[in-house]
Amino acid sequence: MNEKNIELELRAEVLPQDQESIKNKIAELGALHSHTKRLSVMYFGSVGTKKIDIRIRITNGECEIVVKSGSFGSHDRIEIAQKIDIVQFLGLVKILAQLDFVMEIGERETFNYELPDEIVVSLVSTGPIAYIELEKMSSRSDLDQNNTQLHELANRLKLQLLDSDKEFDSLCKRLAEKVDWPFHGTKEDYEKLIGLINRYTN
């Protein structure tokens, strides 16, 4: 079985003043597929030696849980997603809080473009920070070929890729400091989260 469950993904930061020109370049190569607004409860931790990233999220009113395994800055993590009902959202947040992972709440606005060969390009913005993701779901057998294809696209778009865990960690640190907020499971945290859930589902 050659299942395409590897999220091959390249990332680059985009300066706020460059967002419109990047959108125009991408629009010349593909079509806008969706415009999303997303609320995510994010968990970052490890199981044994494996890095695990869990997200319980609401995207345009639809809920799902996503588990990604592999280094947080890696370009080829395994990703599994499952849709859930909104009434399960808060319960899952409480259950997974028992893992003692680092928890953060984040909000993102994203423009998703579909390009030929099943490539998805996402321009993500939140507060003063914006970044772009070039993604293609892959299997082990076509990983190298698809990686070359995404790098060629990045060069065509003149993107300065985040090529190391250190660069990706620096972006995540700025997101945590300037935009996202830590979730410690306090009464106040849950009240704030419930308010956001209501806003993203109504």
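Name the pairs: first residue in the range 115-143 and assigned to a helix (DSSP H, G or I), second residue surrounded by fewer than 17 Cβ atoms within 10 Å (Cβ to Cβ), Cβ to Cβ under 6 Å, at least 6 apart or on different chains?
S141/N2
Within the range 26-41, take every residue that is surrounded by 14 or more Cβ atoms within 10 Å (Cβ to Cβ) and of a type outside the set (A, V, I, L, M) and give me the one that is farthest from N155 (Cα to Cα).
Among those that are surrounded by 14 or more Cβ atoms within 10 Å (Cβ to Cβ) and of a type outside the set (A, V, I, L, M), it is S40.
So T110 fits all but one of (1) touching a helix residue (DSSP H, G or I) at 6+ places or on another chain (Cβ under 8 Å); (2) part of a strand (DSSP E or B); what number is the exception?
(1)
Here is a yes/no grid of residues against (1) charged (D, E, K, R); (2) under 18 Å from F183 (Cβ atoms); (3) surrounded by fewer than 17 Cβ atoms within 10 Å (Cβ to Cβ):
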residue	(1), (2), (3)
C63	no, yes, no
K68	yes, no, no
S71	no, no, yes
A81	no, no, yes
L90	no, yes, yes
K94	yes, yes, yes
G106	no, yes, no
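Return the pair list, or none, for Cβ contacts closer than 6 Å from residues in the range 44-63 that are farther than 19 Å from E7 by Cα to residues that are among the hydroxyl-bearing types (S, T, Y), at least 6 apart or on different chains.
From residues that are farther than 19 Å from E7 by Cα, the pairs are I58/Y200; N60/T36; G61/T201.
Give all pairs with beta carbons closer than 8 Å in which a residue from the range 170-185 that is under 10 Å from E104 (Cβ atoms) meets a residue that is in a loop (DSSP other than H, G, I, E, B); count only pairs at least 6 apart in sequence or on separate chains.
C172/F72; V179/G127; V179/P128
When the residues of the range 168-202 are narrowed to those that are surrounded by fewer than 16 Cβ atoms within 10 Å (Cβ to Cβ) and among the acidic types (D, E), which ends up modelled with the lowest pLDDT?
Selected residue: D169.
Looking only at the range 179-186, decide whether some residue is of a type outside the set (K, R) and either part of a helix (DSSP H, G or I) or closer than 18 Å to E79 by Cβ (or both).
no
The values are calculated or read from the model by the stated rules, or taken from the named source; none is laboratory data. Predicted, not measured: the structure shown is a model, and the values here were computed from it. Every residue, glycine as well, gets a Cβ built from its backbone with ideal geometry; the counts of neighbours run over all protein chains shown.
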